[in-house]
Amino acid sequence: MKIQPINNYVLVRTSKGEEKTSSGIIIPDTAREKPNEGEVVALSAAAKEQISIGDIVIYKEYSGTKFSQEGENFLFIQESEILGKYETVDEI
């Protein structure tokens, strides 16, 4: 099933899976920091040209509505809550 965001929303895939310490202790979702970066997987038709599918973006810490589908974690966030994106450069 394909999900199409509307009304200037962006669908972002966040980190998935459980996190473990080096000693094997599983850290539950409630104890982890909320991720604030992810991969754009879908855009609304009204989204601006600054963001495209496949971009890795940084968003505000407590933004979005989270949900899971087929074992993956996603966020619906407003385009205005995206602070920036990673870009590859030849030199710094």
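Descriptive notes on the structure:
- Between Ile56 and Ser23, the C-beta separation translates, for a Förster distance of 41 Å, into a calculated FRET efficiency of about 0.85.
- For the chain, alpha-carbon Rg and Dmax in angstrom: 14.6, 47
- Convex hull of Cα atoms in the stretch 32-77, direction-averaged projection (nm²): 3.8 nm²
- Proximal lysine pairs, the chain, alpha carbons under 17 Å, eight or more residues apart or interchain: 8
- Label-point separation, Gln4 to Thr88 (7 Å along Cα→Cβ), nm: 3.0 nm
Values quoted throughout were computed directly from the atomic coordinates according to the rules given, and no laboratory measurement underlies them. Treat the numbers as computed from the prediction; the structure is a model and nothing was measured. Virtual Cβ from ideal backbone geometry, glycine too; neighbours counted across all protein chains shown.
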